[in-house]
Amino acid sequence: MLGVVTLVFLLIHIVPGDPVEVMLGESAQIADREALRQALGLDQPLFTQWWQYIQNLAQGDLGQSLHSRAEISSIIAERLPATFELALASLLVAVVIALPLGMFAAWKVNTIWDRLSMGFSLLGVSIPNFWLGPLLILFFSLYLGWLPVSGRESFSAIILPALTLGTALAAILARMVRASLLEILNEDYIRTARAKGLSEQVVLWKHAMRNAALPVTTILGLQLGALLGGAVITEIIFSWPGVGYTLVEAIQRRDYPLVQASVLMVSLSYIIINRLTDLVYALIDPRIRLAE
Amino acid sequence: MWRYFPVFILVLWAILALTQTYLPISPYHIELDKILQAPSSSAWLGYDELGRDVLDRLIQGASSSFWVALWVVSLSLVMGTLIGAFSAWLGGWLDLVVVHIMDIFLAFPGILLAIALAGILGPGLNNLVFALSMVGWVGYARLARAQTLSLKQREHVQAARALGAGNRRIVFRHILPLLGAPLIIEATFGIASVVIAEAGLSFLGLGVQAPEASWGSMLRDGSRYMLMAPHLVIAPGMALLLVVLSVNLLGDRLRDQLDVKSQAQNR
């Protein structure tokens, strides 16, 4: 955690380019620049600045935006829920598509259905979200007029962004579901279950899926990082007012403290989500107990 | 026929990128009376919002993505492999430090770090390559480290050490050659993700700068005129999809052929 904070801090400070120049413009007087630099603490040694940064961070103080002079913590607090909402919706889309697709492919393995669904999943992995997004807008918003082009005003506004962001994850998950199911369907206890005369449905759901859920959950946790990264581009396409949108906006305005805070917030969310995945893991697999 | 499709696409991509300067294309030439014109027999992919030939710009975009992919994958592959292999071989506190650094990099979700880095360094191809390589090396390093750790105990490595070979000799002659297969597979999939990342960063305005063309920036500019001229969005997106799809197909095939473990699973 501290390492991430430090890397984000260094990212902004080692890079050439002077925030003071950005704030005052190139024609500013040298004395004014020095005064502002002192006020911002930028004349201190790097280590002192870093310590100050950590201390402020621990108190929930992320500094001020260079552009709007607003408290960054309040900007982030306003934007973070939108990103979570989008990530959750995309996750839902991914699971809803991937589970049936992967199960179906594994169930009908080596048939044309298997090939078709895996071909579909390969396509899903390969299609960049900044192409899929505009295509979906073109079709569903402009030609059909069913869904809004952008924004976050109505409930239906989240459908297209979630679909855009969720597709790649759905494709990866579907492959994972298929692979782990195939492995499990070859196990002895599955043969036993079938030999007992249990129906295909019961075998698939009760015996196979429960065990297939483990590797799938792992992949899900790991892929959430890619999801949060992809959210940046998706938020731009759909003008979704989340942290990713804030980040790109801040980059364009050279608003370094805001860039710093946005990157930090998304990364910390990712770390926390990974911890949560571990907990979920213990929940579905009674063999794992975190306390031990 | 279908077997050779990905190879065909990738060879075409490479040839277009390598011969780009000799081709009779004019990606900057503006014809005002042809603005947003749809594809026709004289211009196969039509004209863009400034009246430039989309096919010509697509070919130039092929070269941007090809060179960025080549540089980023080579740089991060070499850097990551060396760091990973030496770290695992030497062990001790050095390995500990490297593992910690890798963990920090891995804590950043996906492309986020590259976006931030490219954004702070400022736009341009060099910064783009630097940002993507800084993010890319970790994957190779982790793989090389894990493989080296298992190779460390092999007899031939032990024998080399018993014969008094130095660290450098053992890593370069006895370990690196055996890392080949998994790293090549990883690098193949790496090409796909770098192509997408380059286009993504250019889409955000952080990569290739106007007037030079990149598939990502063509997509961004084109999406503003989507309703009037859908070909501006469809053409670069299709090019991207074809290249990435081909790389992924090839990567899957390579993995099946080189990787003994997955071969056993498929049976």
Review point. Which residues in segment A:119-133 place their backbone N less than 20 Å from a point set 7 Å from the Cα of A:Ser156 along the Cα-to-Cβ direction?
Key: A:133
Review point. If one takes the longest principal axis of the Cα atoms in chain A, at what angle in degrees, from 0 to 90 and to the nearest 10, does the Cα axis of helix A:210-237 lie?
Key: 40
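In terms of the ratio Rg/(2.2 N^0.38 Å) built on C-alpha atoms, what value belongs to segment A:124-220?
On the way: Rg = 19.3 Å, N = 97, 2.2 N^0.38 = 12.5 Å.
Ratio of Rg to 2.2 N^0.38 Å for segment A:124-220: 1.54.
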Check your understanding: Using alpha carbons only, how many degrees (0 to 90, rounded to 10) separate the axis of helix A:46-58 from the longest principal axis of chain A?
Key -> 60
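So if a site counts as exposed when it's one of the trypsin sites (Lys or Arg not before Pro), its DSSP state isn't H, G, I, E or B, and it has at most 10 other Cβ atoms within 10 Å, what's the longest stretch of chain A without one? Write out the running numbers ahead of the final one.
On the way: sites that count: A:Arg69, A:Lys196, A:Arg287, A:Arg289.
Longest site-free region, per DSSP loop and neighbour criteria: A:70-195.
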Revision key, fill the gap. Exposed GluC sites (Glu not before Pro) being those in a DSSP loop with at most 14 other Cβ atoms within 10 Å, the longest stretch of chain B free of them is B:50-267
Check your understanding: What are the GluC sites (Glu not before Pro) within segment A:129-196 that DSSP puts in a loop, where the Cβ has at most 13 other Cβ atoms within 10 Å?
Key -> A:Glu153, A:Glu187
Review point. GNM on chain A, C-alpha springs below 10 Å: top fluctuator among A:Gln64, A:Gln29, A:Gln44?
Key: A:Gln29
Review point. For chain B, list the DSSP H helices whose alpha carbon atoms reach 30 Å or more along the long axis and whose average Kyte-Doolittle value is -0.5 or above?
Key: B:54-90, B:125-151, B:176-203, B:231-258
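With each run of n ≥ 4 DSSP H residues scored as -39500 (n - 2.57), what mean residue ellipticity at 222 nm is computed for chain A after dividing by its residue count and rounding to the nearest 500 deg cm²/dmol? Kindly include the intermediate steps, with their values, before the conclusion.
Details: 12 runs with 204 residues, N = 292.
Taken over chain A, the calculation gives -23500 deg cm²/dmol.
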**Study point:** Net charge contributed by nearby residues that have their C-beta within less than 15 Å of B:Ala213 (K/R +1, D/E -1)
**Key:** -4
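Filter the chymotrypsin sites (Phe, Trp or Tyr not before Pro) in segment A:113-221 to those in DSSP coil with at most 12 other Cβ atoms within 10 Å of their Cβ, and list the result. Spell out each step's value before the answer.
Working: sites: A:Trp113, A:Phe120, A:Phe130, A:Trp131, A:Phe139, A:Phe140, A:Tyr143, A:Trp146, A:Phe155, A:Tyr189, A:Trp205; in loops: A:Trp146.
Those that pass, being in a loop and sparsely packed, are A:Trp146.
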**Study point:** Of B:Arg224, B:Arg52, B:Arg142, the one that fluctuates the most in a GNM where chain B has Cα springs shorter than 10 Å
**Key:** B:Arg224
Exercise for review: Taking the Cβ of each residue in A:Met1, A:Met118 as the centre, tally the other Cβ atoms inside 10 Å and list the residues starting with the fewest.
Suggested key: A:Met1, A:Met118
Study note, to complete from the structure: Each residue of A:224-234 has, on average, a number of other protein chain C-beta atoms within 10 Å of its C-beta equal to 5
Review point. So if R0 is 51 Å, what FRET efficiency would B:Leu149 and B:Leu32 give, r being the distance between their Cβ atoms, rounded to the nearest 0.05?
Key: 0.20
Review point. Could you give the alpha-carbon Rg of chain A over 2.2 N^0.38 Å, rounded to two decimals?
Key: 1.26
Review point. Under the Kirkwood approximation applied to all pairs of distinct alpha-carbon atoms, what is the hydrodynamic radius of the protein assembly as shown in Å?
Key: 25.7
Review point. Which residue fluctuates the most in chain A, going by a Gaussian network model with Cα springs under 10 Å, if the choices are A:Leu11, A:Leu136, A:Leu173?
Key: A:Leu11
**Study point:** Cα-projected label distance for B:Val78 with B:Leu12, points at 7 Å along beta-carbon direction, nm
**Key:** 3.2
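None of the figures in this text is laboratory data; all of them are computed from the coordinates on show. Since this is a predicted model, take the numbers as computed values, not measurements. Neighbour counts run over all protein chains shown; Cβ positions are idealised from the backbone, glycine included.
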